[in-house]
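To start, the structure under review is shown below, and the notes come after it.
The values are calculated or read from the model by the stated rules, or taken from the named source; none is laboratory data. Everything numeric in this text was worked out from a predicted model, so none of it was measured. In this analysis, Cβ positions are derived from the backbone assuming ideal geometry, glycine residues included, and neighbour counts consider all displayed protein chains.
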Amino acid sequence: MQRKDVQVFDSIGLAAAHPVTDMDSTQIAGTRMQAVSSLLRNSSIELSTNGEPAIRKASEILPPGMPVYVPKIPRQTLHDKLVQLRLLHKYGLDPIPHIVARQLSSRQELSDFLRQAIAEAGVHRVLIIGGDADVALGPYADSGSVLASGVLQEVGIRVVDVAGYPDGHPTIPAHALATDLRKKARFAEDHGFDLNVVTQFSFEPENIVAFCADLATEIPGVPVYAGLAGPTSPAKLLRFARTCGVGTSLRAANKLGLGALKLAAHSNPDKQFEILAENKAAAATGNLAGIHLFSFGGFADSSRWLDDKARLAGVRS
């Protein structure tokens, strides 16, 4: 199945880059600008609110059709998330629900939810993750088992996102993660799915660069969307990092200390974004297609950051 990147910000018709051996400063700047533009046109954001006013406000900032991921916490049911999915759809955004494998009680629960989400909120894409529970509530032990269940095909979902871990996983060895991702990619290709990888955020964007480069060798053609923490306070960022299990990066950040100016710099995604763009321009990031913003500091603030970046880059007027 031929892939097409989803571009949500308007293009300004930047000229396509052509390989050159000796680039002058103008060519280098143009290539970098193209990388910035590409990352922003293929961006998404994670919802961090239940309230309609915040969603409405963000919809006035974000471009129509912006992919918005809707996370699920253990105490919520899938049907609890339908309110948010409907609101995002109502305000012209593209809702993408998290499907947490080990929190699913039955095949019927998943099927019923997806059918309702498709009918009422225009859902056409999902993010499947395993979840942190030690014991599965139902028949699905991991994200691969949901993908292989046949439910997604039955209801008409053909675009599936799975998680990537640039810093590694707190409990799963790196070789097992790599093997599992290759299996998912083969399954997706064999069964007509578009598969994307959305990474966990990292305090060290170089880890994301290395992850993308490795993945391009192992699974060429599978787009990667790099997770970035949206603008927030250092204390909140560290709290979310501990919750999300951001391992190597968290240890590196802890060395800086909460009061350090360097840590404050990590609470704004500007520097991390610039590093990713520079590496994409240098063709060092392999499959890197776009960015995914975790809105730890608030949905509206993260939306404004994306909008400001897009306007500065000329990809939104």
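Structure notes:
- Residue match in segment 180-190 (condition: farther than 26 Å from K81 by Cβ and part of a loop (DSSP other than H, G, I, E, B)): no
- Residue that is farthest from the chain's Cα centre (by Cα) [pool: residues in segment 98-141 that are in a helix (DSSP H, G or I) and aliphatic (A, V, I, L, M)]: A119
- Pick from segment 170-196, criterion buried (at least 16 other Cβ atoms within 10 Å of the Cβ) and either among the acidic types (D, E) or in contact (Cβ under 8 Å) with a residue 60 or more places away in the chain (or both), ranking: nearest to Y225 (Cα to Cα): N196
- Checking E154 against (1) surrounded by 15 or more Cβ atoms within 10 Å (Cβ to Cβ); (2) in contact (Cβ under 8 Å) with a residue 40 or more places away in the chain; (3) within 24 Å of R102 (Cβ to Cβ), the condition it does not meet: (1)
- Tally of residues being outside any loop (DSSP other than H, G, I, E, B) and touching an Asp or Glu at 6+ places or on another chain (Cβ under 7 Å) across segment 39-80: 4
So that you can scan it fast, the table gives a plain yes or no per residue for (1) at pLDDT below 95; (2) within 24 Å of A210 (Cβ to Cβ); (3) in contact with a His (Cβ under 8 Å, 6 or more places away or on another chain):
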site: L127; (1), (2), (3): no, yes, yes
site: V151; (1), (2), (3): no, no, no
site: E154; (1), (2), (3): no, no, no
site: V159; (1), (2), (3): no, no, yes
site: Y165; (1), (2), (3): yes, yes, no
site: I172; (1), (2), (3): yes, yes, no
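- In segment 217-238, the residue that is farthest from the chain's Cα centre (by Cα) out of those that are β-branched (V, I, T) and at pLDDT 90 or above is T217.
- Which numbered condition N207 fails, given (1) surrounded by 17 or more Cβ atoms within 10 Å (Cβ to Cβ); (2) at pLDDT below 90; (3) outside any helix (DSSP H, G or I): (3)
- Residues that are more than 20 Å from the chain's Cα centre (by Cα) and hydrophobic (A, V, I, L, M, F, W, C), drawn from segment 43-77: A54
- E46 passes every criterion in (1) under 18 Å from V198 (Cβ atoms); (2) in contact with a Pro (Cβ under 8 Å, 6 or more places away or on another chain); (3) free of Cβ contacts under 8 Å to residues at least 40 places away in the same chain apart from (3).
- Selection status of A300, more than 16 Å from E46 (Cβ to Cβ), modelled with pLDDT under 95 and among the hydrophobic types (A, V, I, L, M, F, W, C): no
- The lone criterion from (1) more than 19 Å from I118 (Cβ to Cβ); (2) surrounded by fewer than 22 Cβ atoms within 10 Å (Cβ to Cβ) left unmet by A58 is number (2).
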